[in-house]
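Notes follow once the structure below has been shown.
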Amino acid sequence: MIRVVLPPHLQILARVDREIRLEVEGPATTASVLDALEIQHPTLRGTIRDAASRERRPFIRYFACGQDVSHQPPEAALPAAVASGEEPLLVVGALAGG
Amino acid sequence: MTKVRVLVGTRKGAFVLTADGKRDTWDIAGPHFGGWEIFHVRGSPADPDRVYASQCSDWFGQVIQRSSDGGSTWETVGNEFAYDGVPGTHQWYDGKPHPWEFKRVWHFEPSRTDPDIVYAGVEDAALFRSSDGGQTWQEVSGLRKHNTGSAWQPGAGGMCLHTILFDPTNDQRVFVAISAAGAFRTDDGGASWKPINRGLVSQYIPDPTAEVGHCVHRIALHRERPNVLFMQKHWDVMRSDDAGDSWTEVSGDLPSDFGFVIDVHAHEPDTVYVVPIKSDSEHYPPDGKLRVYRSRSGGNEWEALTHGLPQRDCYVNVLRDAMAIDALDPCGVYFGTTGGQVYASSDAGDSWTPIVRDLPAVLSVEVQTLP
């Protein structure tokens, strides 16, 4: 079981609570977790990754165990604590200051 | 009993305003999709309970929402807008080639006869069509593949296709307008398109009379006389009597011929409305006075409509999709401002009252006249 935390706008769009729990087959990677997320919540397709290219949208970041994993390859393994469900994968919208 | 439903898109959500035929007491519902930009909300003429909304965000991209109960509840439908083939390039602001990239839907135009058929005007400029109620979208690519397409450039607000007009007497004819490419027409149901910009003069482009490159802000027509088009260009209010083949200026005695909205009276094809804006650098009304101007002669002679509108210290803008006209008699006229006011006139513009004063900046206003 993988835990994913979405930004507030996407929680409202998908009509979910702050945290979503997913069953992910195979290794836990950003690609496999987001694939499972989009299957469970199709309304999120295109809002985190481009629907066609699957590339991360420019103003989105992924964090795991206090680390920015946005720039890791999508097939790279997420930390063991995320894979075990101990820690969530955070999907974060870029913050604007000022 | 007759009702009207005003559909408002704002920078931070959608609102649905309803009233009976007297249009003096309003119910305000919303925000729907709070926090998201809602570029356009539009109902189907074939089934007024079918409503489409364009929901978007710089962070999370494009979402399309559909309602089957007049905007009370919503469901997400398809948000994949893939350009046909290899998209190629258009010109960027600096004149260099730039790849065509989908950014957002600016405008919906649902079919008059089938609630599942709807057209979407998008940025970067292209026309898409859905025949399954918005679940899937296919590009009407003859437009973008016109031989001038690679020369189109964005306006300051982006390269958006913002106006789609069906000819009610000819289902093969459609008009569209793009900032800053100009106006185009198809006479074969979308297979091929021609620029219809002859007579437009835009001093800010290298060739002021070029075939394309004109910043058309809005076009309107009356359903009983679809060969007559009225245009609010970046500067200049224009009129065509030959379905866009040629244009003449009808700015006449307006205090400024810059503006965004233009619309036509529901029952008088020669009665036209605009909201003059001081200039393209200032984007607020002249003299701090919010005035709708009405021509009853198809242009050139204009009267200021001020009763009920602020006549001092008003510095809002009225964006291109933020005016609508209902089908009652006398017709109602509605417009929204970047200050969050939605004004209504139930007497064809003679007097105005705010339906609501403090919404987020208004991007679009549409109205449905319901039985």
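The values are calculated or read from the model by the stated rules, or taken from the named source; none is laboratory data. The structure presented is a predicted model; accordingly, all values stated were derived computationally and were not measured. Because the Cβ atoms are built from the backbone with ideal geometry, glycine has one as well, and the counts that use them run over all protein chains shown.
Of these, A:Asp50, A:Asp35, A:Asp17, A:Asp68, which one is without any contact (Cβ under 8 Å) to a residue 12 or more places away in the chain and within 14 Å of chain B (Cβ to nearest Cβ)?
The match here is A:Asp50.
Provide a single number: the residues in the stretch A:87-98 that are buried (at least 17 other Cβ atoms within 10 Å of the Cβ) and either assigned to a loop (DSSP other than H, G, I, E, B) or away from chain B (no Cβ under 14 Å) (or both).
The total comes to 4.
Does the stretch B:155-163 contain at least one residue that is more than 25 Å from B:Phe230 (Cβ to Cβ) and among the small types (Gly, Ala, Ser)?
No - not one qualifying residue is present in the stretch B:155-163.
Search the stretch B:259-287 for residues that are within 18 Å of B:Ser202 (Cα to Cα) and pair each with any residue that is modelled with pLDDT under 95 and buried (at least 23 other Cβ atoms within 10 Å of the Cβ) when their beta-carbon atoms are under 6 Å apart and the residues are at least 6 apart or on different chains.
Close Cβ pairs satisfying both conditions: none exist.
Only one of these conditions is not met by A:Pro8: (1) within 14 Å of chain B (Cβ to nearest Cβ); (2) farther than 28 Å from B:Thr136 by Cβ; (3) out of contact with any Ser or Thr (no Cβ under 8 Å at 6 or more places or on another chain); (4) surrounded by 14 or more Cβ atoms within 10 Å (Cβ to Cβ). Which number is it?
(4)
Keeping to the stretch A:55-98, report how many residues are among the aliphatic types (A, V, I, L, M) and more than 28 Å from B:Phe102 (Cα to Cα).
Count: 9.
Looking only at residues that are in contact with a Phe, Trp or Tyr (Cβ under 8 Å, 6 or more places away or on another chain) and of a type outside the set (A, V, I, L, M, F, W, C) in the stretch A:53-64, which one is nearest to the other protein chains (Cβ to nearest Cβ)?
Restricting to residues being in contact with a Phe, Trp or Tyr (Cβ under 8 Å, 6 or more places away or on another chain) and of a type outside the set (A, V, I, L, M, F, W, C), the top hit is A:Arg57.
Among (1) in contact with an Asp or Glu (Cβ under 7 Å, 6 or more places away or on another chain); (2) on the phi < 0 side of the Ramachandran plot, which single condition is B:Gly298 missing?
Here B:Gly298 meets the rest and fails (2).
Could you look through the stretch B:20-36, keep only residues that are in contact with a Ser or Thr (Cβ under 6 Å, 6 or more places away or on another chain) and either touching a residue at least 60 places away in the same chain (Cβ under 8 Å) or in a loop (DSSP other than H, G, I, E, B) (or both), and pick out the one that is nearest to the other protein chains (Cβ to nearest Cβ)?
Among those that are in contact with a Ser or Thr (Cβ under 6 Å, 6 or more places away or on another chain) and either touching a residue at least 60 places away in the same chain (Cβ under 8 Å) or in a loop (DSSP other than H, G, I, E, B) (or both), it is B:Trp36.
Could you list all residues from the stretch B:159-204 that are within 24 Å of B:Ile38 (Cβ to Cβ) and part of a strand (DSSP E or B)?
Those that are within 24 Å of B:Ile38 (Cβ to Cβ) and part of a strand (DSSP E or B): B:Cys160, B:Leu161, B:His162, B:Thr163, B:Ile164, B:Leu165, B:Phe166, B:Val176, B:Ala177, B:Ile178, B:Ser179.
Just one of (1) of a type outside the set (A, V, I, L, M, F, W, C); (2) modelled with pLDDT under 95; (3) surrounded by fewer than 17 Cβ atoms within 10 Å (Cβ to Cβ); (4) touching a His at 6+ places or on another chain (Cβ under 9 Å) trips up B:Ser192, so point out which.
Checking B:Ser192 against (1) of a type outside the set (A, V, I, L, M, F, W, C); (2) modelled with pLDDT under 95; (3) surrounded by fewer than 17 Cβ atoms within 10 Å (Cβ to Cβ); (4) touching a His at 6+ places or on another chain (Cβ under 9 Å), the one that fails is (2).
With the requirement that a residue be closer than 16 Å to B:Thr271 by Cα and of a type outside the set (A, V, I, L, M), what does the stretch B:319-339 give you?
B:Asp326, B:Asp329, B:Pro330, B:Cys331, B:Gly332, B:Tyr334
Any residue at all in the stretch B:103-111 that's part of a loop (DSSP other than H, G, I, E, B) and under 30 Å from B:Ile205 (Cβ atoms)?
Scanning the stretch B:103-111, I find at least one residue that is part of a loop (DSSP other than H, G, I, E, B) and under 30 Å from B:Ile205 (Cβ atoms), so the answer is yes.
Suppose we keep only residues that are within 19 Å of B:Asn79 (Cβ to Cβ) and within 12 Å of the chain's Cα centre (by Cα) within the stretch A:42-71. Which one would you say is surrounded by the most Cβ atoms within 10 Å (Cβ to Cβ)?
Residue satisfying both the conditions and the ranking: A:Thr47.
Determine if the stretch B:136-150 includes at least one residue that is surrounded by fewer than 18 Cβ atoms within 10 Å (Cβ to Cβ), among the polar types (S, T, N, Q) and under 26 Å from A:Pro42 (Cβ atoms).
For the stretch B:136-150, residues surrounded by fewer than 18 Cβ atoms within 10 Å (Cβ to Cβ), among the polar types (S, T, N, Q) and under 26 Å from A:Pro42 (Cβ atoms): present.
Being touching a strand residue (DSSP E or B) at 6+ places or on another chain (Cβ under 7 Å), touching a residue at least 24 places away in the same chain (Cβ under 8 Å) and under 28 Å from B:Gly155 (Cα atoms) is the requirement here; does B:Val118 meet it?
Against the criterion (touching a strand residue (DSSP E or B) at 6+ places or on another chain (Cβ under 7 Å), touching a residue at least 24 places away in the same chain (Cβ under 8 Å) and under 28 Å from B:Gly155 (Cα atoms)), B:Val118 qualifies.
Can you find a residue in the stretch B:336-350 that is of a type in the set (A, V, I, L, M) and within 15 Å of the chain's Cα centre (by Cα)?
Among the residues of the stretch B:336-350, not one is of a type in the set (A, V, I, L, M) and within 15 Å of the chain's Cα centre (by Cα), which makes the answer no.
Which condition breaks for B:Thr113 when tested against (1) of a type in the set (S, T, N, Q); (2) within 21 Å of the chain's Cα centre (by Cα); (3) closer than 21 Å to B:Gly9 by Cα?
Of (1) of a type in the set (S, T, N, Q); (2) within 21 Å of the chain's Cα centre (by Cα); (3) closer than 21 Å to B:Gly9 by Cα, only one is false for B:Thr113: (3).
Checking the condition within 28 Å of B:Ala327 (Cα to Cα) and over 15 Å from the mean Cα position of the chain (by Cα), which residue from B:Glu211, B:Glu268 passes?
None of the others qualify; the one that does is B:Glu268.
Only one of these conditions is not met by B:Arg173: (1) within 26 Å of A:Gly46 (Cβ to Cβ); (2) surrounded by 15 or more Cβ atoms within 10 Å (Cβ to Cβ). Which number is it?
Of everything listed in (1) within 26 Å of A:Gly46 (Cβ to Cβ); (2) surrounded by 15 or more Cβ atoms within 10 Å (Cβ to Cβ), B:Arg173 misses just condition (1).
If you go through the stretch B:39-75 one residue at a time, how many are within 13 Å of another protein chain (Cβ to nearest Cβ), under 23 Å from B:Cys160 (Cβ atoms) and not in a loop (DSSP other than H, G, I, E, B)?
Of the residues in the stretch B:39-75, 10 are within 13 Å of another protein chain (Cβ to nearest Cβ), under 23 Å from B:Cys160 (Cβ atoms) and not in a loop (DSSP other than H, G, I, E, B).
Conditions: (1) of a type outside the set (A, V, I, L, M); (2) within 19 Å of the chain's Cα centre (by Cα); (3) surrounded by fewer than 24 Cβ atoms within 10 Å (Cβ to Cβ). B:Ser364 meets all but one. Number of the miss?
(3)
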